[in-house]
Amino acid sequence: MHISYSFEDSRFARLCLASTDKGLCSVNLILAGATDAQALESLQKKFPGATIEASAKPEHAEFLKFLDKKPVSLNFHLLGTPFQLDVWKSLLEIPFGETSTYGAIATKIGRPKAFRAVGSAVGDNPIYYAVPCHRVLPASGGIGHFYWGPEIKKALLDWERAI
């Protein structure tokens with residue numbers, strides 16, 4: 001597999017965008033205290049054996065437009081188990097500015113008792129924001145967990161609700 005990556009700045013954080021010839025395969029935030037080199041190392045660990053090179057691709061620019069709520073057509077190259085892919089597909093169906101719960105996602109994919117497994121799959125989502133894992137909240141209330149931290153999750157949800 002050949003992966004092209006670039007580092008870009010966005011409204012929420014610096015990003016490491018990665019894509020294959022099929023589409024975006026990874027979007028990672030580089031939060032305060034982290035470095036581009038650490039993000040690149042993480043990308044290499046996520047895709048062992050892949051050829052990885054610095055090269056900004058058109059889909060990287062499209063993703064940045066997407067973050068600014070401009071109409072774009074994004075293609076993804078999601079690599080996961082069939083269960084993960086089902087969960088990620090259901091995340092894509094959560095409307096902008098709305099939320100769902102782990103249990104609702106589990107029910108939607110036909111696995112109503114698998115809400116904890118859904119939580120794991122949500123946490124393994126490789127495409128920050130575009131596959132909107134931040135829109136999933138615990139049924140018990142609160143913001144829940146988020147790979148990039150609860151502050152980023154809350155900021156994303158507040159930003160969506162304000163638009």
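Output yes when any residue across segment 73-84 is without any contact (Cβ under 8 Å) to a residue 12 or more places away in the chain, closer than 22 Å to residue 4 by Cβ and assigned by TED's automatic domain parsing to the domain that holds residue 29, and no when none is.
So far as segment 73-84 goes, no, none of its residues is without any contact (Cβ under 8 Å) to a residue 12 or more places away in the chain, closer than 22 Å to residue 4 by Cβ and assigned by TED's automatic domain parsing to the domain that holds residue 29.
Being touching a Ser or Thr at 6+ places or on another chain (Cβ under 6 Å) and in a helix (DSSP H, G or I) is the filter; apply it to segment 47-85 and report the residue that is surrounded by the fewest Cβ atoms within 10 Å (Cβ to Cβ).
67
How many residues does segment 21-47 contain that are within 24 Å of residue 153 (Cβ to Cβ), of a type in the set (Lys, Arg) and free of Cβ contacts under 8 Å to residues at least 60 places away in the same chain?
Of the residues in segment 21-47, 1 are within 24 Å of residue 153 (Cβ to Cβ), of a type in the set (Lys, Arg) and free of Cβ contacts under 8 Å to residues at least 60 places away in the same chain.
Going by the conditions given, is residue 151 of a type outside the set (Val, Ile, Thr) and farther than 25 Å from residue 19 by Cα?
yes
If you check 50, 18, which single one turns out to be touching a helix residue (DSSP H, G or I) at 6+ places or on another chain (Cβ under 6 Å) and touching a residue at least 12 places away in the same chain (Cβ under 8 Å)? Before you say what the answer is, go through the steps one by one.
Working: 50 fails: touching a helix residue (DSSP H, G or I) at 6+ places or on another chain (Cβ under 6 Å).
Exactly one of 50, 18 is touching a helix residue (DSSP H, G or I) at 6+ places or on another chain (Cβ under 6 Å) and touching a residue at least 12 places away in the same chain (Cβ under 8 Å), namely 18.
Between 29, 17, 24, which is assigned to a strand (DSSP E or B), modelled with pLDDT of 90 or more and touching a His at 6+ places or on another chain (Cβ under 6 Å)?
17
Name every residue in segment 108-144 that is closer than 25 Å to residue 77 by Cα, of a type in the set (Val, Ile, Thr) and either loosely packed, with under 14 Cβ neighbours inside 10 Å or out of contact with any Ser or Thr (no Cβ under 9 Å at 6 or more places or on another chain) (or both), in order of residue number.
122, 131
The values are calculated or read from the model by the stated rules, or taken from the named source; none is laboratory data. Predicted model, so just to flag it, every value in this text is computed and none were measured. For neighbour counting, all protein chains shown are included, and Cβ atoms are generated from backbone atoms with ideal geometry for every residue, glycine included.
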